[in-house]
Amino acid sequence: MTFKTSSESLPRSAGVSRRGFVGGLSAGLVGVAASEVARAETLADVPDRAPGADLSAHSERSRFAKLDRIPEATPGKRNVDPGDAINSKTPHQKLVGNITPTDLHYERSHSGVPDIDPAQHRLLVHGMVQKPLVFSLDDLKRMPSVTRIVFIECTGNGWENWKKADPDLTVQNTHGLVSTNEWTGVPLKFLVDLVAKDKGSTWMLAEGGDGAGVDRSIPLTEEIVNEAFVAYGQNGEPLRPAHGFPMRLVMPGFEGNLNIKWLRRLKFGNAPWMTRWETARYTQLLANGKARQFQLRMETNSVITQPSGMMQIQPGYNRISGLAWSGHGKIAKVEISTDGAQTWKQAQLAQPVLSKAQVRFQMDWVWDGKPTRIVSRSTDEQGNAQPDRQTFIAAMGTNALFHYNAQQTWSIDDAGRVRNVLA
Ligand SMILES: Nc1nc2c(c(=O)[nH]1)N[C@H]1C(S)=C(S)[C@@H](COP(=O)(O)O)O[C@H]1N2
Ligand SMILES: [Mo]
């Protein structure tokens, strides 16, 4: 199929730079993309200029842009009273780019959000160290800092589709427990050196200051000591209370649960503490009846966000877009199938691709109006490929609940309705 490259006839009202749009997308489709855009000649074709409201101390979203997280309970329990919610999910179907707006970063809090006065808050660092110390927020802010864009993902992300696929789920329901923000804080390595950690200490306990007191044992691998940090900044401002104000642990690439919020203690030792968060919870019941502990790294994953569950599309040009991420490093490639995983084409990635951060992918598509299925699969720089559902279930069985990273399939019927299905 060929299309006329019609950059000459692209109308101004398309709001598209003649050079910019083409980017890595196929130039031949520019004309198709523009063909449904209204033609215009003069300013009479656009609304008048509008008078302005007063300036403000901080800006709010347009009243026309409706963006909300959705509080949810355990899998299958939606539309719950916020008092019963355990998660609040990111509306990926309404977002663009790589970074999640701060107020829409997903939230998972086991016993609500404590209201912590930073002047009172302290972080104790002790255990197998020469010099146990206690830090205030101001102490941390005086130290050298690192700023890094990373995803945080709850191990429960995707659990909605582990056993069955409700057709009426949106991508917010299926994949709303992963988000990407820029975090700023003190490198763990700096604190390790300050307290003079014993060489023999190979584990660290991180404990939160909320009612649940979530605490996790973290193996002190070279990667973790070099990459973890105690964050006090989120997208350029202090952490929001829901995300751990005044300080939290950030563990790039690892289970959301390890990113301890309202951090009050780091303790160094030489064995895991076997807290209830790594024995009763956050373990995986495998097909053979054994439980797997400390499955800490988040897998290679991707999902198409546009078009996605509960949307309706029209025949003709449709741009496919979505997000890919891996706890192993950078995403190397994303492939998309528009024929139910029979044939695959490589998508374009938003540059630069960052390690352990979500990256936006996109691809041109002309839908012929016939029922089909669309699906994405990602591969990271270490060669880890996102499995199809059968491969995933064959390896993990159906007893487990966490670390679901199988390919997400959306079906499209002859009316253009997009629905969640198991492949
Ligand atoms: N103290 C404490 N830390 C916590 C939690 C918690 O309930 N209490 N929830 C954990 C879980 S399960 C996840 S997935 C992430 C969620 O971080 P977010 O709410 O900033 O997205 O925080 C982790 N850190
Ligand atoms: Mo989580």
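Which one of these does GLY329 not meet: (1) touching a residue at least 12 places away in the same chain (Cβ under 8 Å); (2) more than 28 Å from SER411 (Cβ to Cβ); (3) open to solvent by 10 Å² or more (accessible area, probe 1.4 Å)?
Going through (1) touching a residue at least 12 places away in the same chain (Cβ under 8 Å); (2) more than 28 Å from SER411 (Cβ to Cβ); (3) open to solvent by 10 Å² or more (accessible area, probe 1.4 Å) one by one, GLY329 breaks only (3).
Here's a check for you: in region 271-292, which residue that is surrounded by fewer than 19 Cβ atoms within 10 Å (Cβ to Cβ) and within 21 Å of SER109 (Cα to Cα) is farthest from ligand 1 (Cβ to nearest atom)?
MET274
Pull up region 274-300, narrow it to residues that are away from ligand 2 (no atom under 15 Å from the Cβ) and part of a strand (DSSP E or B), then point me to the one that is nearest to LYS356 (Cα to Cα).
ARG292
When only residues in region 175-210 that are of a type in the set (Val, Ile, Thr) and within 16 Å of ligand 1 (Cβ to nearest atom) count, which is nearest to VAL225 (Cα to Cα)?
THR184
Among the numbered criteria (1) open to solvent by 10 Å² or more (accessible area, probe 1.4 Å); (2) in contact (Cβ under 8 Å) with a residue 24 or more places away in the chain; (3) away from ligand 1 (no atom under 16 Å from the Cβ), which one does PHE268 miss?
(1)
Right, ILE260: farther than 30 Å from PRO167 by Cα, crowded, with 22+ Cβ neighbours inside 10 Å and of a type outside the set (S, T, N, Q) or not?
Against the criterion (farther than 30 Å from PRO167 by Cα, crowded, with 22+ Cβ neighbours inside 10 Å and of a type outside the set (S, T, N, Q)), ILE260 qualifies.
With the condition being closer than 26 Å to PRO246 by Cβ, I'd like the strands (runs of 3 or more DSSP E) fully within region 35-150 carrying at least 3 qualifying residues.
Where strands (runs of 3 or more DSSP E) fall fully within region 35-150 and carry at least 3 residues being closer than 26 Å to PRO246 by Cβ, they are 87-89, 123-127, 133-135.
Does region 170-181 contain any residue that is open to solvent by 70 Å² or more (accessible area, probe 1.4 Å) and of a type outside the set (Lys, Arg)?
no
Identify the single condition in (1) open to solvent by 50 Å² or more (accessible area, probe 1.4 Å); (2) assigned to a strand (DSSP E or B); (3) in contact with a Phe, Trp or Tyr (Cβ under 9 Å, 6 or more places away or on another chain) that LYS189 does not satisfy, given that it satisfies every other one.
Checking LYS189 against (1) open to solvent by 50 Å² or more (accessible area, probe 1.4 Å); (2) assigned to a strand (DSSP E or B); (3) in contact with a Phe, Trp or Tyr (Cβ under 9 Å, 6 or more places away or on another chain), the one that fails is (2).
The values are calculated or read from the model by the stated rules, or taken from the named source; none is laboratory data. Here the structure is a predicted model, which means the values were calculated and not measured. So basically every Cβ, Gly included, is an ideal-geometry build from the backbone, and we count neighbours across all protein chains shown. Side chains are part of the model used for accessible areas, which takes the heavy atoms of the whole protein and leaves out ligands, DNA and RNA. Shrake-Rupley method; radii C 1.70, N 1.55, O 1.52, S 1.80 Å.
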